[in-house]
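Notes follow the structure.
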Amino acid sequence: MGVSYASTAVVRTGAERLTLIRRTYSVVLGGVIVTMLGVATALTQPQIMQAVLAHPFITLMLMFAPLLMAQRTARTFPANVGFTFLFTFLEGLWLAPFLALAERGQPGIIVQAGVLTGAAFGTLTTFAFVSRRDFSAWGGFFITGLVVALLASLLNIFVLHNAAADLWLAGAIVVIFSGLLVFDTWRLRNVYGPEDYIPAAINIYLDLLNLFIALIRILGGGRRN
C-alpha cells in the first residue's frame, strides 16, 4: 500500500525537480536491491527462513517500525535512508517464502514477473511524466479500490477459498497499483517538495512491489489453468 505524506513545500525550479527525481529513484532502486538481498539472505539461511515461516505476522509487524521511523526522519539524512533500507530488507525476508514457493512451482516465474513489472514501470512512469493531465483524483479512487480488494481478498482467504476469485483479485490489484503508480509519479512531478524524496520513494517502491506480487499470482494461476 502507498503511504500518505503531507508535503510542506512544492518544487519550484527545474533544478529542484531534477534533484528530487534523482534522489527518489535512487532510493527506489536501492530499496529494490536491498529487498533482493533480504530475499537472498532468507533463501541461504535456513534458520531465518524457518523463523519467517513460523512467525509471518511478527515479521510483518516488525517491518512497520522502520517504515514509521523512515517517515518520522524523512528529512534527516542519513537516518531517513537507513530506516528505509532496513524496511526494504525486512520486506525481502518476509517475501522470501512466497517467492521460493512460486519459483518451485513455476520455474522462471520470478524473472517473468520482474520483466513485466519493469515494463509496466517504464510505461506508466513515462505516461505520468509526459501527460499534462491532472491525476489528483486518482489517489482517492484507487485507494478506495485497494481497500475493497483487500477486504475481498481476506474474505476469499478465510471463507470462500476460491482459486478463480483469487486470480480475478490479483488482476484487480494490478490495475489498482498501476493507477497508484501513475498517481504517485504525478505527485513526484507536481506535489512533493525538494526534501520529500523518502515518502515519494516509499510510495513508488510499494506500488512496484505490490504490482510484482500480483503479477506472480496471475502468472501462477494462469499456468495452473
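No value in this document is a laboratory result; all are computed from the given coordinates. Everything numeric in this text was worked out from a predicted model, so none of it was measured. No Cβ is skipped: glycine too gets one built from the backbone with ideal geometry, and neighbour counts run over all protein chains shown.
Annotation note: Cβ proximity below 6 Å between a residue of the range 61-86 that is under 20 Å from Ile33 (Cβ atoms) and without any contact (Cβ under 8 Å) to a residue 24 or more places away in the chain and a residue that is polar (S, T, N, Q) and outside any helix (DSSP H, G or I) (sequence gap 6+ or interchain) occurs for Ala79/Thr73. Taken over the range 183-207, the criterion of being surrounded by fewer than 20 Cβ atoms within 10 Å (Cβ to Cβ) and part of a helix (DSSP H, G or I) is satisfied by Arg189, Asn190. Say we look at the range 126-181 and pick out the residues that are among the polar types (S, T, N, Q) and assigned to a helix (DSSP H, G or I); which of these is farthest from Asn203 (Cα to Cα)? Among those that are among the polar types (S, T, N, Q) and assigned to a helix (DSSP H, G or I), it is Asn156.
Taken over the range 26-51, the criterion of being of a type in the set (Gly, Ala, Ser) and farther than 17 Å from Ile204 by Cβ is satisfied by Gly38, Ala40, Ala42, Ala51. Just checking: which of the helices (runs of 4 or more DSSP H) contained wholly in the range 1-120 hold 2 or more residues that are crowded, with 18+ Cβ neighbours inside 10 Å? Where helices (runs of 4 or more DSSP H) fall fully within the range 1-120 and carry at least 2 residues being crowded, with 18+ Cβ neighbours inside 10 Å, they are 14-44, 56-72, 79-105. Have a look at Ala128, Ala163, Ala214, Ala149 and point out the one that is buried (at least 17 other Cβ atoms within 10 Å of the Cβ), more than 30 Å from Arg75 (Cα to Cα), of a type in the set (A, V, I, L, M) and touching a residue at least 40 places away in the same chain (Cβ under 8 Å). On inspection, the qualifying residue turns out to be Ala214.
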